[in-house]
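The values are calculated or read from the model by the stated rules, or taken from the named source; none is laboratory data. Computed from a prediction, not measured in an experiment: that's the story for all the values here. All Cβ positions, glycine included, derive from the backbone under ideal geometry; neighbour counts span all protein chains shown.
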């Protein structure tokens with residue numbers, strides 16, 4: 001398979017970046033080495049105990065004052081003895097029932113979790129549910145009701161590149177810290193340790209460092225539009241590029257984690273590559289858009305629907321190009337320019353059991369094929 005191949009419904013994106021998850025592992029400053037990973041996933045509705053929304057932009061001071069009580073520190077112990085094998089992350093209050101939203105990698109392999117609120121009071125927490133494919137987890141505390149201040153959830157699909165945002169968390173264990181910046185880009189594909197990519201990710205230049213993981217990314221109305229998750233770094237420290245899981249994903253995943261403890265992701269079952277100018281020329285295509293299917297997984301939704309992968313290659317100027325596979329041009333009438341468009345649509349609008357209509361190009365003819373989405377395999 002070509003090195004740019006990617007698995008639809010979750011495979012590693014064509015462009016791979018090195019990302020350090022923003023969780024601070026407890027050790028001496030000289031030995032801090034944040035976890036390094038290769039980074040990459042039905043209609044959302046208003047969920048949780050939503051506080052009144054603000055209709056106008058607030059100052060950074062107002063945002064911090066209105067939000068700090070809803071942000072918590074998450075201390076994790078990963079061994080029975082607690083001999084330095086732990087970490088510090090962040091989280092935010094999701095509802096009045098004591099549910100806290102954070103990153104799955106923050107609480108991964110946790111033996112004990114302690115949540116600390118703004119006033120310094122701490123409570124033991126239990127894991128309610130985790131989803132490694134979106135790096136989202138829900139934990140719960142039996143805290144004093146007066147301490148539970150759910151943060152309002154905004155709509156990340158309304159974000160614009162250049163829009164000002166703010167991040168609150170516990171970088172390097174420094175509780176209640178705030179940074180600000182702008183939305184650098186939208187719709188990023190973030191590879192994850194699960195082997196599947198997280199689509200539709202927000203990129204920001206607001207400083208996010210180890211310990212910020214799980215904390216809220218806020219717009220200028222004080223609404224949560226993302227969950228700070230990772231940084232692009234070779235040193236483990238912020239270098240100007242941070243990533244956040246969008247609130248559109250949070251409002252889809254978190255309620256299911258609370259109810260069922262897990263979330264089942266839809267899956268197509270194909271691998272392939274984006275159509276670039278060189279491949280388009282070889283295939284005789286007018287435009288370099290679409291996704292070429294190279295491999296169809298046996299017994300997958302794609303296989304059952306009759307999708308066809310590439311069966312041969314052709315060499316042009318020393319480079320091998322796949323030939324003969326179906327080319328996906330659109331999904332549910334949404335144009336497919338590259339793999340990201342398919343993954344974002346799956347994440348935003350589809351669930352296991354849903355139908356999805358693919359417009360494909362086969363033998364120079366276009367046709368529509370309907371597939372029934374199945375649960376993504378591990």
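Points worth noting:
- So residue 364, is it more than 27 Å from the chain's Cα centre (by Cα), farther than 16 Å from residue 270 by Cβ and surrounded by fewer than 16 Cβ atoms within 10 Å (Cβ to Cβ): yes
- For segment 270-299, the set of residues classified as surrounded by fewer than 20 Cβ atoms within 10 Å (Cβ to Cβ) and under 17 Å from residue 376 (Cβ atoms) consists of 295, 297, 298, 299, listed by residue number.
- In this structure, residue 150 does not satisfy being in the same structural domain as residue 68 (by TED's automatic domain parsing) and surrounded by 24 or more Cβ atoms within 10 Å (Cβ to Cβ).
- Matching residues in segment 145-189 - criterion: being out of contact with any strand residue (DSSP E or B) (no Cβ under 9 Å at 6 or more places or on another chain) and assigned to a loop (DSSP other than H, G, I, E, B): 174
- A residue that is buried (at least 18 other Cβ atoms within 10 Å of the Cβ), over 15 Å from the mean Cα position of the chain (by Cα), under 25 Å from residue 98 (Cα atoms) and not assigned by TED's automatic domain parsing to the domain that holds residue 349 occurs nowhere in segment 183-190.
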